[in-house]
1. Filtering the range 52-84 down to residues that are among the polar types (S, T, N, Q) and part of a helix (DSSP H, G or I), which residue is farthest from Phe17 (Cα to Cα)?
2. Would you tally the residues in the range 17-40 being within 12 Å of Asn116 (Cβ to Cβ) and aromatic (Phe, Trp, Tyr)?
3. Looking at the range 61-95 only, could you name the residues that are among the polar types (S, T, N, Q) and under 15 Å from Ala28 (Cβ atoms)?
4. If a residue has to be surrounded by fewer than 17 Cβ atoms within 10 Å (Cβ to Cβ) and either at pLDDT 90 or above or in contact with a strand residue (DSSP E or B) (Cβ under 6 Å, 6 or more places away or on another chain) (or both) to count, how many in the range 24-37 make the cut?
5. Which of the residues that make up the range 43-56 are free of Cβ contacts under 8 Å to residues at least 60 places away in the same chain and open to solvent by less than 30 Å² (accessible area, probe 1.4 Å)?
6. Select from the range 95-127 the residues that are over 21 Å from Pro22 (Cβ atoms), without any contact (Cβ under 8 Å) to a residue 60 or more places away in the chain and of a type outside the set (D, E, K, R) and list them in ascending order.
7. Failed condition for Ile40, given (1) open to solvent by less than 80 Å² (accessible area, probe 1.4 Å); (2) farther than 15 Å from Pro84 by Cβ; (3) at pLDDT below 90; (4) β-branched (Val, Ile, Thr), with all others met?
8. Would you mention how many residues in the range 108-127 are open to solvent by less than 40 Å² (accessible area, probe 1.4 Å) and part of a loop (DSSP other than H, G, I, E, B)?
Amino acid sequence: MNRTKERLSPGVTEPWFLPEYPDRPVYAVIPDRYDPAEPIGLFFFMHGGDVSSPPEQPFNLYINEKNGVLQPHIADIPFITVAPAALAAVDGKRWNRHGVAEYILAIIEDACSKFNIDRDRIILSGH
């Protein structure tokens with residue numbers, strides 16, 4: 001997905017991939033109210049999971065428009081929600097390992113280049 005700050009259809013976007021993380025999809029939910037001319041918040045959702053969790057898990061379990069547990073709640077908040085696949089880990093500690101901070105910052109920077117993100121309204125969440 002290379003749609004820099006253009007008008008996007010609301011709902012779940014096709015995943016995009018950062019060049020330095022080609023096997024880790026990043027999923028996003030664009031709210032109905034998103035207007036590229038107006039800054040919007042970024043809700044960064046770090047999903048749980050263990051060593052067997054597939055890269056599609058944040059989409060399938062959390063933001064899927066039909067049965068994701070965060071739907072319909074995130075469809076109406078004034079934030080673009082991103083749910084990236086966690087880095088692979090042999091021990092299941094995917095968000096608590098070397099390199100994760102850089103990965104999170106790379107996703108935030110990439111989202112800011114694609115959408116008009118208000119950098120004062122970035123929330124990291126998950127479980």
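The values are calculated or read from the model by the stated rules, or taken from the named source; none is laboratory data. Note that the structure is predicted; figures quoted are calculated from it, not measured. Every residue, glycine among them, receives a Cβ derived from its backbone with ideal geometry; neighbour counts consider all protein chains shown. In case anyone asks, the SASA skips ligands and DNA or RNA and just uses the protein heavy atoms, side chains included. Shrake-Rupley method; radii C 1.70, N 1.55, O 1.52, S 1.80 Å.
1. Asn60
2. Taking the range 17-40 as the starting set, the residues that turn out to be within 12 Å of Asn116 (Cβ to Cβ) are 30, 34-40.
Adding the requirement that they be aromatic (Phe, Trp, Tyr) leaves 34.
Number of matching residues: 1.
3. First, the residues of the range 61-95 that are among the polar types (S, T, N, Q): 64, 67, 71, 81.
Matches in the range 61-95: Asn64, Gln71, Thr81.
4. Matching residues across the range 24-37 total 3.
5. Selection gives Ser53 alone.
6. Within the range 95-127, just Asn96 meets the criteria.
7. (3)
8. Residues in the range 108-127 being open to solvent by less than 40 Å² (accessible area, probe 1.4 Å) and part of a loop (DSSP other than H, G, I, E, B): 2 in total.
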